[in-house]
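Chemist: Structure provided below as structure tokens; questions to follow.
The values are calculated or read from the model by the stated rules, or taken from the named source; none is laboratory data. Because the structure is predicted, anything quoted here is derived from the model rather than measured. Here the Cβ positions follow ideal geometry from the backbone for every residue, glycine too, while neighbour counts run over all protein chains shown.
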Amino acid sequence: MLAIRMQRTGRKGHAEFRIIVQESRRTPTSGAIVAQIGSFNPHAKLMVLDKEKAGFYLEHGAQPSDRVARLFQKEGIKLPSWVKLAADKSRTIRHPEKLRKNQSAVPATEAADESADSTVTDTSADEPATQTDADEAVVSETPDETPAADVDESIAPEAEVPEETSSGEADDADTSDAAS
């Protein structure tokens, strides 16, 4: 049975193909071909094809590969009814939420700030805010957090001691009063 297939030629990284008719049991690289009916350059999308030879071999039972059948169809060569083209593959994206086009337009630094704020508010929303007496005492005793105008007078120290002058001056003053 004959097959119409592509034989790779060209240098590394720049493939070009010959469209050949060959015995189906042979590999394309074997070199034993029945006929060469064209060539295809996928980089330039250039196809050179002898349509008469292609039609002749198709009429006499040569089976085209899927890729060759698609190329023949693009070139306008009538394919026999027994040639079945493979259905187009449907591609799906595994994680579409990770695509840049599906991301929000907020820059990364602002998004990080918003996510940090949302985590704080989310935890406070989940758990009711309860403050123990020990927490209140710690908060009221720290002078950095409460301004001086807001300090309650009832919590003030027991008694204020007036500042004394140096002990030597106070003793001299007492003795001078006693001497007069």
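Chemist: Between residues in region 56-85 that are of a type in the set (Lys, Arg) and residues that are part of a helix (DSSP H, G or I), which pairs lie under 9 Å by C-beta distance while being six or more apart or on different chains?
Modeler: Sorted first by the residue in region 56-85, then by its partner, the pairs are 78/55; 78/58; 78/72; 84/69.
Chemist: A follow-up question, please. Looking at this structure, is residue 33 assigned to a strand (DSSP E or B) and aliphatic (A, V, I, L, M)? Working first, answer last.
Modeler: Numbers: assigned to a strand (DSSP E or B): no; aliphatic (A, V, I, L, M): yes.
For residue 33, the condition - assigned to a strand (DSSP E or B) and aliphatic (A, V, I, L, M) - is not met.
Chemist: Does any residue of region 48-57 turn out to be modelled with pLDDT of 90 or more and acidic (Asp, Glu)?
Modeler: Among the residues of region 48-57, at least one is modelled with pLDDT of 90 or more and acidic (Asp, Glu), which makes the answer yes.
Chemist: Sticking with this one: Select from region 71-104 the residues that are closer than 19 Å to residue 61 by Cβ and polar (S, T, N, Q) and write down the one among them that is modelled with the lowest pLDDT.
Modeler: Selected residue: 81.
Chemist: Within region 79-93, restricting attention to residues that are farther than 19 Å from residue 36 by Cα and more than 37 Å from the chain's Cα centre (by Cα), which residue is surrounded by the most Cβ atoms within 10 Å (Cβ to Cβ)? Give the steps one after another, and end with the answer.
Modeler: First pass over region 79-93, keeping only residues farther than 19 Å from residue 36 by Cα: 80-93.
Then keep just the ones that are more than 37 Å from the chain's Cα centre (by Cα); that gives 80-84.
Details: 80: 12, 81: 6, 82: 8, 83: 15, 84: 9.
By that ranking, first place goes to 83.
Chemist: How about region 57-90: which of its residues are out of contact with any strand residue (DSSP E or B) (no Cβ under 7 Å at 6 or more places or on another chain), of a type in the set (A, V, I, L, M, F, W, C) and part of a loop (DSSP other than H, G, I, E, B)?
Modeler: 77, 79, 82, 85, 86, 87
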